[in-house]
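Let me begin by presenting the structure, written as structure tokens, before commenting on it.
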């Protein structure tokens, strides 16, 4: 296969709630297409978080090359803005190599960051911000607005009256970087040079919740509590953002005797169902997703074949 033609720069994304079966479906499609998988999971990027994040197994990772899994330690910072830049770059590289990238995950913000970009800008500078807040009190909002109009008329024209925080943030970014915030926003939300075709795995609520309940029990039986204990033994603190995840919070509470094992199972199931509901609320709001009702298919191989039939670009590369 030669380099992909520029006119056919489409990428498949498999989305849906947790426990939808995204991983096994993605593996089937990847093997059919000789594709590589771009993980869009905000927790699977971390090492040592295996059971609690439903990370693909070692055997599954060996079947197809995966990107953005096991990249960082749990105490390292990662966010959607960083992911947007790195995932887009990886997809570009794969397309130039004539390969098919398949984005897979339930982190809606991460998937959106690939499709639409993500504006974050430089971090907060306390000293710069304090000086600007002092100027606001001393000289008033109009003085700051006049300065903003001089350095960034584009942003000035979009700020509503009575929004001093936005004015201060815009001036802060300029003083930190020497470039207006409108420049950074254009850079980070530029249109991707490829098109993402989203496929959603649509289960009835009853079936999805049954899947969630069964998987929650399986995760605990496979050693979720032991995995949580090993993370603490490595010296990681339980208040890390990477541990702010269903499963680990409950396991930590069990380890300190705050809840019983039976209560842990109940809470993991309940909180995972709530998380799935939030995921579906996010995805349902995106009318770019083509939903595949799982009840119509007897197994995932038939889902994969239906996707290949409906998306001929996948087999025409």
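The values are calculated or read from the model by the stated rules, or taken from the named source; none is laboratory data. Since the structure is predicted, the reported quantities are computational estimates derived from the model, not experimental observations. When we count neighbours, we look across all protein chains shown, and the Cβ atoms used for this are built from the backbone with ideal geometry, even at glycine.
Values for this structure:
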quantity	calculated
Subset tally (residues that are surrounded by fewer than 16 Cβ atoms within 10 Å (Cβ to Cβ) and in a loop (DSSP other than H, G, I, E, B)) for the range 49-65	2
Helices (runs of 4 or more DSSP H) (entirely within the range 74-153) containing at least 1 residues that are within 17 Å of residue 14 (Cβ to Cβ) and in the same structural domain as residue 19 (by TED's automatic domain parsing)	80-96, 108-116
Whichever residue in the range 227-265 is out of contact with any helix residue (DSSP H, G or I) (no Cβ under 9 Å at 6 or more places or on another chain) and in a helix (DSSP H, G or I) and, among such residues, is nearest to residue 77 (Cα to Cα)	241
Odd one out for residue 100, checked against (1) modelled with pLDDT of 95 or more; (2) surrounded by 15 or more Cβ atoms within 10 Å (Cβ to Cβ)	(1)
Boolean, residue 250 is crowded, with 19+ Cβ neighbours inside 10 Å, within 26 Å of the chain's Cα centre (by Cα), farther than 20 Å from residue 40 by Cβ and without any contact (Cβ under 8 Å) to a residue 24 or more places away in the chain	yes
Filter result for residue 20 (surrounded by 22 or more Cβ atoms within 10 Å (Cβ to Cβ), at pLDDT 95 or above and part of a helix (DSSP H, G or I))	no
Failed item, numbered, when residue 89 is tested on (1) within 12 Å of residue 38 (Cα to Cα); (2) at pLDDT below 95; (3) touching a helix residue (DSSP H, G or I) at 6+ places or on another chain (Cβ under 9 Å)	(3)
Unique residue being surrounded by fewer than 16 Cβ atoms within 10 Å (Cβ to Cβ), closer than 20 Å to residue 198 by Cβ and out of contact with any strand residue (DSSP E or B) (no Cβ under 9 Å at 6 or more places or on another chain) when the list is 276, 285, 233	285
Members of the range 301-317 found to be surrounded by 14 or more Cβ atoms within 10 Å (Cβ to Cβ) and in contact with a strand residue (DSSP E or B) (Cβ under 9 Å, 6 or more places away or on another chain), listed by number	303, 306, 307, 311, 313, 314, 317
